[in-house]
Amino acid sequence: MAERIEQRLEDRIPELEQLERVGLFTHKEIRAVLRKASALEYKIQRRALRKEDFINYIQYEVNLLELIKKRRARIGYSFKKDEIEHSILHRVHSLFNRATGKWKDDVQLWLSHVAFCKQWNAKHQLSKVFSTMLAIHSNKPALWIMAAKWEMETRLSSESARHLFLRALRFHPECPKLYQEYFRMELMHAEKQRKEKKEFEQAKMDLGEFNYSEEILNGEMARIVYRDASQKIKGVEFQLAVLSIAKLFDFTQDLQKEILESLQARYADDPLTWDYMARRELELGSLQPTEHTTKQKKVSEMAQREERCCAVFDEAVGAVPTEDMWKCYITFCLERYNRKTNSEELKQKRLERTLSVFSKAHESNLLSEALYKQWLQLLLDSNLSEKAVEVAEAATKHFSQSVQAWQMRLQVLIRLKRDDVTQCFEEAIKHVKSKGTLPLWTLWVEWSEGTNSKEDTEALYQRSLRATMPAESVTMKEMYLDWTYRNSGYKKVKRLFTSLCENRPFSLDFFRKMIQIEKEQESCKMLNLREYYERALREFGSTNTDLWLDYIKEELSHPQGKPENCGSIHWRAMKMLQGDLVEDFVSKYTLLQTGHL
């Protein structure tokens, strides 16, 4: 092994001598490079190879290349690149090849090699990397697409890109993304040929030796790809994705027409088809020239276009009366309403249209819970409070067991300061199952704190502890403790804490809150703090290192603390903590002893 390492270090000598001779590095720096290279070489020649060692070696060589590049720029020296950089580049490629050969499944390693090749313009090497990588990772469409794009955009070889896409489709015959990118590539190839032909014609050159097929120029290859794909890949999303690609090229009108006809024929009942057809009306209007038009005329034209869109949507909800179809319609209306406009008339028209569509969807019983929430928000923002109350009530009728629906209704009533809030809370608790009612109880007690008397709020807290599931009651205990301290003082909260400790479960924050309350008292007693810490440790002592450390700190820093207790607390912690927590505790305790924690 030593002989091999010595040989590799000797191979570096010519490039290092050149670096010193031309003044890019000093003799001292050359010696430092050799020492570092020697250490890195020993690491990658061991029997038990580690990926990190290869990555560190590669990173060192890349940093060296960057440093050479900067120093060349600084002194203005651009010669001897074959003897210096090319030697280092060859070594980096060799390291990458060894690493990817050893850890073939690490895609990130392959991609790092690809990025390195691109950065240093190693086209020939990159072609080899792609070839080897795709042979191993043929199950990843994204890598095929990356390789084909590089062939098309960097090497300008549409033939190689096409060959890669065809190979990829043999492995992934039903991959939508592959077909989309293949379709795009064929259109890019056609556009490239059209530009070439146009330039030749403008230069009045003879096109005899160049064979430009009219079919390829018109995107016939892309049409073939589309037809093949549409037989294998079902779903309107793919059709729309291909159509959006075709629209990027100005010579694909016939192709766009064919895709659109196929879309309407095969997916007439899909909401996305209708959504596209409706939104298309906006684009069709925008194709007309808008120069020399007044603002009023522009607003009028926009209103007409939106009306045409809504006419298509109205037809759609009649033909496909589903929740998804109404969602598409409402989403469109909300998008238009949220667009900025200086015309109050247009803004008002958009609002009226949106509210009308919401009402129609509600009447059809095809409005989702999320859309009810959006409808309520729109009504409240528009100061239509009475209508908001009606809609909130309708939402809870449709989704009577939904916590979110009741929450929305209650928030509306609270915001509008209605008298029937308590009645609505009672109704909500009756309809919703006990599991998951925590948001309703927290909302209720928060509202009660600001509205009702202390006695009513306390009774409500007590009721919530009985009504919620044990896991949810933990939050209510924390809120109850905090509210009692704020409103009734220390003595009351101490009695409440003792009472609440009779029923599990607890949270760590519950105990920490009580500890914090005790610390805020003028006559903070260590005896009480010990009681709270001991209670907390009985529940969380096996899983929380910080609790033990805080207890120790308290004994050390409190005027009534007993530092001699720290030893026994440490011993108990070592016994109770589980697994890796013991090591974590020991390291933190050591830092505490040395004054670093």
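The values are calculated or read from the model by the stated rules, or taken from the named source; none is laboratory data. Because the structure is a prediction, the values reported are computed rather than measured. Glycine gets a Cβ as well: all are built from the backbone with ideal geometry, and neighbour counts include every protein chain shown. Heads up: the accessible areas ignore ligands, DNA and RNA and are worked out on the full protein's heavy atoms, side chains in. Shrake-Rupley method; radii C 1.70, N 1.55, O 1.52, S 1.80 Å.
Close contacts from segment 500-522, counting a first residue that is over 13 Å from Arg538 (Cβ atoms) and a second that is assigned to a loop (DSSP other than H, G, I, E, B), with Cβ to Cβ under 7 Å and a gap of 6+ residues or different chains, come to Glu518/Cys524. If you go through segment 540-597 and keep only what is under 36 Å from the mean Cα position of the chain (by Cα) and among the basic types (Lys, Arg), you end up with just Lys588.
Selection over segment 41-88 of residues that are open to solvent by 60 Å² or more (accessible area, probe 1.4 Å), hydroxyl-bearing (Ser, Thr, Tyr) and outside any helix (DSSP H, G or I) gives a count of 1. Can you tell me which residue is least open to solvent (accessible area, probe 1.4 Å) among those in segment 247-276 that are free of Cβ contacts under 8 Å to residues at least 40 places away in the same chain and among the polar types (S, T, N, Q)? Among those residues, the one meeting the criterion is Thr273.
Quick check on this structure: which one of Ser230, Ser244 is of a type in the set (S, T, N, Q) and crowded, with 17+ Cβ neighbours inside 10 Å? Full working, then the answer.
Working: Ser244 fails: crowded, with 17+ Cβ neighbours inside 10 Å.
Exactly one residue qualifies, and that residue is Ser230.
For segment 465-521, a tally of residues being open to solvent by 60 Å² or more (accessible area, probe 1.4 Å) and assigned to a loop (DSSP other than H, G, I, E, B) returns 5.
When Ala161, Ala142, Ala168, Ala203 are checked against the criterion of being closer than 30 Å to Ala265 by Cα and among the small types (Gly, Ala, Ser), Ala168 stands alone in meeting it.
Answer yes if at least one residue in segment 253-264 is touching a Lys or Arg at 6+ places or on another chain (Cβ under 6 Å) and assigned to a helix (DSSP H, G or I), and no otherwise. Explain how you work it out, then say what you get.
Here is the first cut: in segment 253-264, the ones touching a Lys or Arg at 6+ places or on another chain (Cβ under 6 Å) are 255.
Within this subset, residues satisfying the condition of being assigned to a helix (DSSP H, G or I) are 255.
Looking through segment 253-264, at least one residue is touching a Lys or Arg at 6+ places or on another chain (Cβ under 6 Å) and assigned to a helix (DSSP H, G or I).
Can you tell me how many residues in segment 1-37 are over 24 Å from Lys80 (Cβ atoms), part of a helix (DSSP H, G or I) and of a type outside the set (Val, Ile, Thr)? Qualifying residue count for the region: 4.
If you check Ile55, Ile84, Ile30, which single one turns out to be hydrophobic (A, V, I, L, M, F, W, C), within 45 Å of the chain's Cα centre (by Cα) and modelled with pLDDT of 90 or more? Steps first, answer last, please.
Working: Ile84 fails: modelled with pLDDT of 90 or more; Ile30 fails: within 45 Å of the chain's Cα centre (by Cα).
Just a single option satisfies the conditions, and that option is Ile55.
Listed by position, the helices (runs of 4 or more DSSP H) inside segment 301-390 whose residues that are open to solvent by 20 Å² or more (accessible area, probe 1.4 Å) and among the hydroxyl-bearing types (Ser, Thr, Tyr) number at least 1 are 323-338, 344-363.
On the given criteria, is Lys433 closer than 24 Å to Ser473 by Cβ and either charged (D, E, K, R) or surrounded by fewer than 11 Cβ atoms within 10 Å (Cβ to Cβ) (or both)? Answer is yes for this residue.
Matching residues to (1) touching a helix residue (DSSP H, G or I) at 6+ places or on another chain (Cβ under 6 Å); (2) more than 29 Å from Ser230 (Cα to Cα); (3) exposed (fewer than 15 other Cβ atoms within 10 Å of the Cβ):
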{"position": "His113", "(1), (2), (3)": "yes, yes, no"}
{"position": "Lys118", "(1), (2), (3)": "no, yes, yes"}
{"position": "His124", "(1), (2), (3)": "no, yes, yes"}
{"position": "Asn139", "(1), (2), (3)": "no, no, yes"}
{"position": "Ile145", "(1), (2), (3)": "yes, no, no"}
{"position": "Tyr182", "(1), (2), (3)": "yes, no, no"}
